[in-house]
Amino acid sequence: MPPLAMHWAQAEHNRKVAYSLLSATPSVKDWAITVAFYAMVHYLEGVLALKPEKHSDNQKSPHEFRLQKARKYLSHSGAKSYAKLYQLSRLMRYLCYRSQVAARASGDWMNDADAQKNVGKVEVVRLEASQLTGMPL
Amino acid sequence: MALLSGSASVLAPTLSETGDCFQIAVRNWVLRLLGVLLGRVGNDYGGSLLHTLGAEYVKLSGQRVLEAMAQEMGLPSTIALAADRFAQIPEVVDLRIGRANREAVFHVFVIMPTYNDELMDRLIDVEIAAEQEAEKSGYSLDVRYYPYPIITPASVGVESLPQYTKAI
């Protein structure tokens, strides 16, 4: 797994992509949420690169492992933002793949304001990751 | 659609705190069991009667009831209590639990025809508390939410798993 700088670069890239998906016409809310979550994953992996855990490689359940580490290293607000985006990204994908009304549900299920609010949660984790790693914002 | 269970705080304390919320957890289970036994689920009069009966029963044998609840589903008490935290959320209509060794998967079906951010925050608060409790007891908990009625237990193939909450 790549070191801190590479995780940070990937996180920043994903963050920009998430915002661009939100500002597209029409906005692509489900994937904006998912990409924002994967920005958080890389911010957290950047934090782990400086901790004894180093990374989530070889973990049986990497997502569960990272949720646990988010609770360990981030504030309650940061851990909650991480857990919420994880669940939302999964939920939005369930709407796509499992529902018989997928096309409507993934686009209309969440309104634009809630999508913006939740994509914006990436800033909470980004700020904390910056403070923990010394990476510039 | 509603649950028979009560509407206690979603941030119920842990089992070790044996306070009001513990009694509420026990009472909820008693009410669900009585609801099934009496076939009165969904009936206002029946619900009122069951609350009265349940409250009396809890006073008599709270600890034994929670132990029975855990045994009924083959659940460790930590997992049973975590399940009850979710059952206390009124919008949770169905909870299926898959378990292998010290890992449990909660499939939580929540009334959410359109996204509800306030409800999602409540769910995540309960999830974090439940995962921390499970972790302390050496269990790992994977919580999955499904917006009901868009997605049902059958549509994700978990209808055969044990059902914790009883929708009415």
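The values are calculated or read from the model by the stated rules, or taken from the named source; none is laboratory data. Remember, predicted model here, so these are calculated numbers, not experimental data. Heads up, the Cβs are rebuilt from the backbone with ideal geometry, glycines too, and the neighbour counts pull from every protein chain shown.
How many residues, within region A:96-120, are more than 7 Å from chain B (Cβ to nearest Cβ) and modelled with pLDDT under 90? Looking only at that region, the number is 9. Looking only at region B:92-105, decide whether some residue is of a type in the set (Asp, Glu), within 15 Å of the chain's Cα centre (by Cα) and not in a strand (DSSP E or B). No - not one qualifying residue is present in region B:92-105.
The set of residues in region B:110-123 that are in contact with a Phe, Trp or Tyr (Cβ under 9 Å, 6 or more places away or on another chain) and at the interface with chain A (Cβ under 9 Å from one of its Cβ atoms) comprises B:MET112, B:PRO113, B:THR114, B:TYR115, B:MET120, B:LEU123. For B:ALA134, state whether it is under 22 Å from A:GLU64 (Cα atoms), in contact with a strand residue (DSSP E or B) (Cβ under 6 Å, 6 or more places away or on another chain), in a helix (DSSP H, G or I) and of a type in the set (A, V, I, L, M). Judged against the criteria, B:ALA134 is a match.
Residue pairs whose Cβ atoms lie under 7 Å apart, separated by 6 or more positions or on different chains, with the first residue in region B:149-167 and more than 14 Å from chain A (Cβ to nearest Cβ) and farther than 18 Å from B:ILE89 by Cα and the second at pLDDT below 90 and in a loop (DSSP other than H, G, I, E, B), are B:PRO162/B:MET73. Selection of region A:1-31 for residues being among the small types (Gly, Ala, Ser), closer than 22 Å to A:ALA113 by Cβ, modelled with pLDDT of 95 or more and touching a helix residue (DSSP H, G or I) at 6+ places or on another chain (Cβ under 8 Å) yields only A:ALA18. A single member of B:VAL105, B:VAL143, B:VAL126 is among the aliphatic types (A, V, I, L, M) and at the interface with chain A (Cβ under 10 Å from one of its Cβ atoms), and it is B:VAL143. Just one of the numbered conditions (1) modelled with pLDDT of 90 or more; (2) more than 23 Å from A:MET110 (Cα to Cα); (3) more than 14 Å from chain A (Cβ to nearest Cβ) is not true of B:VAL93: (2).
Per-residue answers, yes or no, for (1) among the hydrophobic types (A, V, I, L, M, F, W, C); (2) surrounded by fewer than 23 Cβ atoms within 10 Å (Cβ to Cβ):
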position	(1), (2)
A:TYR43	no, no
A:LYS54	no, yes
A:GLN59	no, yes
A:PRO62	no, yes
A:LEU67	yes, no
A:ALA70	yes, no
A:SER75	no, yes
A:ALA79	yes, no
A:TYR82	no, no
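Among the residues making up region B:80-118, those that are within 12 Å of B:PRO153 (Cα to Cα) and touching a residue at least 40 places away in the same chain (Cβ under 8 Å) are B:VAL93, B:ASP94, B:LEU95, B:ARG96, B:ILE97, B:HIS107, B:PHE109.
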